[in-house]
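Notes to accompany the following structure.
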Amino acid sequence: MRAWPLHACFVIILMGSLAVRERTTDVFAESGSLEPAVLRVAHLYGLAFRERTTITDTDVPALVFDAPGCSRPVLVVSLLATFDQEPVVRSAHRQRAVLRYVYIERSWDRPRRLAVLAERMKYAVLAAFGLTRYVPSGYLLLVELPSSCSAATAIDWRDVWDRDYLLKAAGARTEAMK
């Protein structure tokens, strides 16, 4: 058997793996976190940023927004997709508030570990082959909404994971720091 077909096969595998690796660079490492993108998306939908805070009796950071026509603020928490922080955050949530767990194009009313894992795997594969604009992340959003707040329920959070949107948010953050 000749060695050149085997060598050609290894070269193709090497080049393919390098291309996939370059394609899946972590945009979150460049931007630092989901926070800049969350702030931009919230502003786009008319939410007014109020403050950065932490969940009561924890060190879990949260963003607080005022929504037009809503009596109480909207709280957005970036949670690990493993749901390690979820019991602490859930125990501190307000009465008469609606909780939504958001990951890219899906949203749930309660924690769904397997569904989030399946979504992460799906977007990791799609991102590796350049078939999605979304960046798979180890984070999801927990959005706490006032029960009768239609302005906050209409928000499309997908842009938080959008590769181009993340780069723009990181660029805007860098410009603001200058």
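Screening Val98 against (1) surrounded by fewer than 17 Cβ atoms within 10 Å (Cβ to Cβ); (2) modelled with pLDDT of 90 or more; (3) over 12 Å from the mean Cα position of the chain (by Cα) leaves a single unmet condition, (2).
Taken over the stretch 108-144, the residue count meeting the criterion of being in contact with a helix residue (DSSP H, G or I) (Cβ under 8 Å, 6 or more places away or on another chain), farther than 16 Å from Asp84 by Cα, small (Gly, Ala, Ser) and surrounded by 13 or more Cβ atoms within 10 Å (Cβ to Cβ) is 2. Which number in (1) more than 20 Å from Tyr45 (Cα to Cα); (2) modelled with pLDDT of 85 or more marks the one condition that Val88 misses? Every listed condition holds for Val88 apart from (2). Checking each residue in the stretch 65-86 for being under 19 Å from the mean Cα position of the chain (by Cα) and surrounded by fewer than 19 Cβ atoms within 10 Å (Cβ to Cβ) picks out Leu80, Ala81, Thr82, Phe83, Asp84, Gln85.
Within the stretch 119-154, if we keep just the residues that are closer than 20 Å to Ala42 by Cα and aromatic (Phe, Trp, Tyr), the residue that is farthest from the chain's Cα centre (by Cα) turns out to be Tyr134. Filtering the stretch 123-173 to residues that are of a type in the set (S, T, N, Q) and modelled with pLDDT under 85 leaves Ser147, Ser148, Ser150, Thr153.
The values are calculated or read from the model by the stated rules, or taken from the named source; none is laboratory data. Here the structure is a predicted model, which means the values were calculated and not measured. As a convention, Cβ positions derive from the backbone with ideal geometry for all residues, glycine included, and neighbour counts pool all protein chains shown.
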